[in-house]
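Asks: Quick one: the structure is below, questions incoming.
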């Protein structure tokens, strides 16, 4: 389940940061509407995607168990019910963590004036990515600082890419 949380947070952070940077030349109300709307829509999308993916994997597992047991009807058994609970948990965790991650780049636009908000949006996103990367490093027993810096670098790269698109291609 941790993988769904991590994926959701990263997705929410980076996709919403892209929306915020892309809309940064607009009024604050437009940035907030785009950022919050994007975060919520992305969260719902990730809920549905994770649930559907887990449902597909679960059905394959059920079919494999049924073939091994030479029986049908395992879907209504306790194993089938437990697998359904796991699918629901995966969807909720993936979707809600995406929304939570999506609010981090938007929060500075709620709390600060427009000129400061973009800088703090990028900084809060990159810092969150560093902390998340460090945690991943700790869990996977790798270098904590290196893991944090890797994820942080990907966030900076994303911000620069979106900035380039917004200012030079649009």
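Asks: Just wondering, is there one or more residues in region 41-60 that are in a helix (DSSP H, G or I) and within 15 Å of residue 108 (Cα to Cα)?
Replies: The answer is no; no qualifying residue exists.
Asks: Scan region 142-159 for residues that are part of a helix (DSSP H, G or I) and over 11 Å from residue 17 (Cβ atoms) and jot them down.
Replies: If the condition is that a residue be part of a helix (DSSP H, G or I) and over 11 Å from residue 17 (Cβ atoms), then 144, 145, 146, 147, 148, 149, 150, 151, 152, 153, 154, 157 are the ones that fit.
Asks: For region 119-144, how many residues meet the condition of being over 20 Å from the mean Cα position of the chain (by Cα) and touching a residue at least 40 places away in the same chain (Cβ under 8 Å)?
Replies: Looking only at that region, the number is 0.
Asks: For region 38-47: of the residues being surrounded by 18 or more Cβ atoms within 10 Å (Cβ to Cβ) and in contact (Cβ under 8 Å) with a residue 60 or more places away in the chain, which is farthest from residue 7 (Cα to Cα)?
Replies: Only one residue fits best here, namely 38.
Asks: Out of region 20-37, which residues are assigned to a helix (DSSP H, G or I), surrounded by fewer than 22 Cβ atoms within 10 Å (Cβ to Cβ) and in contact with a helix residue (DSSP H, G or I) (Cβ under 9 Å, 6 or more places away or on another chain)?
Replies: 22, 28, 32, 34, 36, 37
Asks: Among the candidates 104, 145, single out the residue that is touching a helix residue (DSSP H, G or I) at 6+ places or on another chain (Cβ under 9 Å), surrounded by fewer than 18 Cβ atoms within 10 Å (Cβ to Cβ) and at pLDDT 90 or above.
Replies: Exactly one residue qualifies, and that residue is 145.
Asks: Right, here's the next one. Is at least one residue of region 62-71 modelled with pLDDT under 75, surrounded by 14 or more Cβ atoms within 10 Å (Cβ to Cβ) and within 21 Å of residue 4 (Cβ to Cβ)?
Replies: yes
The values are calculated or read from the model by the stated rules, or taken from the named source; none is laboratory data. Please read all numbers here as calculations on a predicted model, not as lab measurements. Neighbour counts run over all protein chains shown; Cβ positions are idealised from the backbone, glycine included.
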